[in-house]
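Throughout, read-outs are computed from the coordinates displayed, never taken from laboratory work. Fair warning: this is a prediction, and the values are worked out from it, not measured in the lab. No Cβ is skipped: glycine too gets one built from the backbone with ideal geometry, and neighbour counts run over all protein chains shown.
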Amino acid sequence: MDDLQIEPREVKAKLDRGEPLLLVDCREPHEYAICRLPGAQLVPTGEVARHLELFAAADEVIVYCHHGIRSLNVVAWLRAQGIEGVRSLAGGIERWAVEIDPAMPRY
C-alpha cells in the first residue's frame, strides 16, 4: 500500500519546486470551505467516477481528504481503473495542518 500514498513533506517539496501536479480534494463542499490546499480542485468522493478524464489527463495527481481514508479509497479505485499516476496524501489535510501549515484551520 506504500505506493498508494505520499508523505506531506514530499508533496510540499514538489510544490516548492514547482513540479506539475494536480491536487484533488475529495471531501465535501462544506469541508472544502473550512480549509484546502492552494490550487486544489474539489471533486467529492461521490463524483470521482464522473471526472475520470481529469485524473487520466494529469501525469501526477495527489488526492486528499480529512484524514486520508477517503482519498486512499479513491486512489485505490482510480488505480483499478488504470490510472497510475495518482497517490493519496498520507494523513490527509489534518496531517498537512499539523506538519506543514500550523496556521491552517482544523476541524
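Plugging the Kirkwood radius over Cα pairs into Stokes-Einstein for region 29-83, at a temperature of 37 °C and a viscosity of 0.692 mPa s, what D comes out in µm²/s?
For these conditions, the coefficient is 277 µm²/s.
Multiply the residue separation of GLU28 and LEU52 by 0.36 nm, subtract the distance between their alpha-carbon atoms, and state the gained length in nm to one decimal.
The GLU28-LEU52 span can extend by a further 6.8 nm.
Which far-off residues, 5 or more places away or on another chain, put their amide H under 5 Å from the one on VAL61, with H placed in the peptide plane?
Amide H neighbours of VAL61: LEU22, VAL86, ARG87.
On full extension of the chain, what length is gained from GLU60 through MET104, given 0.36 nm per residue of separation minus the C-alpha to C-alpha distance?
Separation in residues times 0.36 nm, less the Cα-Cα distance, equals 13.4 nm.
Per residue of region 75-83, what does 6.51 cos²θ - 1.76 cosθ + 1.60 with θ = phi - 60° give for ³J(HN,Hα)? Whole Hz please, x for Gly and Pro, Karplus curve as stated.
Here the 3J(HN,Hα) series is 4, 4, 5, 4, 4, 5, 8, x, 8 Hz.
Taking trypsin sites (Lys or Arg not before Pro) as exposed when DSSP calls them loop (any state but H, G, I, E, B) and at most 15 other Cβ atoms lie within 10 Å, what is the longest stretch of the chain free of them, the sites themselves excluded?
Here the longest run is 18-105.
At each listed q (0.12, 0.16, 0.20, 0.24 Å⁻¹), what is the log10 of I(q)/I(0) that the Debye formula gives for region 2-99 modelled as equal alpha-carbon point scatterers?
-0.31, -0.57, -0.93, -1.38
What is the sum of charges, Lys and Arg at +1 and Asp and Glu at -1, for the other residues whose Cβ falls under 12 Å from the Cβ of ASP16?
+2
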